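Derivation of every value follows stated rules applied to the coordinates shown; laboratory data play no part. Just so you know, these numbers come straight off a predicted model, no measurement behind them. All Cβ positions, even for glycine, are placed from backbone atoms using ideal geometry, and neighbour counts span all protein chains on display.
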Amino acid sequence: MTGLTIDGDLSDWPSTIPVSAIAHAEYGDRPTDDDDLGAWLRAAYDAEQGRLYIGVQVRDQSLVADPSNPNNWQSQDGCELYVDPGHGVEESSVVQFALYGGVSVGSGSEILERGWQRTADGYQVEWAVSLARSSTEPADLRVPRSIGFDLSLSDRDVDDSFSWLAWGPGTSKLGSVDRRGDLLLLADDAESAGLHGRVTWERGGAIAGVPVRLQSLADSALWTQ
């Protein structure tokens, strides 16, 4: 993927890019509806440059910024991005990027570009991240492959209610790899498909909440759970 302008305007993203809801309410007050807080994520990858592009659309009826506490994730609206290029099975390093109140916090050389834009019903965020700079090991930029990935949203409203949503289930995304999701980086012409199933005991009865790891037999760098 090339040709994106990272300015917070998502209109230049191709309509063929899948859009995924950020819908796991993991902390605070559960949003009453999509007008209170609704968010959607899209991602693209430039394998030649090793650049990961992230676009986030947020619908929020009440935007709050706290300039007196720019690093406080609970006192204002914010967006946190977690990228783990190493994607280790048991342990792996993760890099966090954050925007609180529309202001970038703690960004490093891994961020090539960032953009934030207010919209009629909320705001939009874009990032361009260098996977080569985000990894402590020599970067493997080829496709197909998978990386550890997640994104969370903080929502402080004027009525002092607070909600925290995540793309993948769980909190403390900087901790265990099991608390982060997986992002599959594929070629532009790759076809996608859905997979559904369930885990049962040998003598019957379903088991809820059991993670299942899918591993490519052709490439050890391609797996998801």
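Could you compute the FRET efficiency for Ser192 and Ser11, with r as their C-beta to C-beta distance and R0 at 25 Å, rounded to 0.05? For Ser192 and Ser11, the calculated efficiency is 0.60. Averaged over residues, the count of other Cβ atoms within 10 Å places the peptides 186-196, 212-222, 23-33 in the sequence 23-33, 212-222, 186-196, highest first.
Distance between the C-alpha centers of segment 162-188 and segment 33-58? Whole Å please. Distance between centres, Cα-based: 13 Å. Treating each Cα of segment 32-91 as one equal point scatterer and applying the Debye formula with no solvent, the log10 of I(q)/I(0) at q = 0.15, 0.21 Å⁻¹ comes out as -0.72, -0.98. The length gained by stretching the chain between Ser176 and Thr2 to full extension, at 0.36 nm per residue less their Cα-Cα distance, is 59.4 nm.
What size of dipole, in debye to the nearest 20, comes out for segment 10-194 about its Cα centre when the only charges are +1 on Lys and Arg C-beta atoms and -1 on Asp and Glu C-beta atoms?
I would put it at about 420 debye.
Over all pairs of different C-alpha atoms, segment 45-130 has a mean inverse distance whose reciprocal, the Kirkwood radius, equals 14.1 Å. In segment 141-225, inverting the average of 1/r over every pair of distinct C-alpha atoms gives 15.9 Å as the Kirkwood radius.
Of the listed values [x] 0.97; [y] 0.99; [z] 1.73, identify the label whose number matches Rg/Rh (Cα atoms, Kirkwood Rh) calculated from this model. So the structure-derived entry is [x].
Highest-first packing order for the peptide set 147-153, 204-210, 52-58, 178-184 is 147-153, 52-58, 178-184, 204-210, based on the mean count of other beta carbon atoms within 10 Å.
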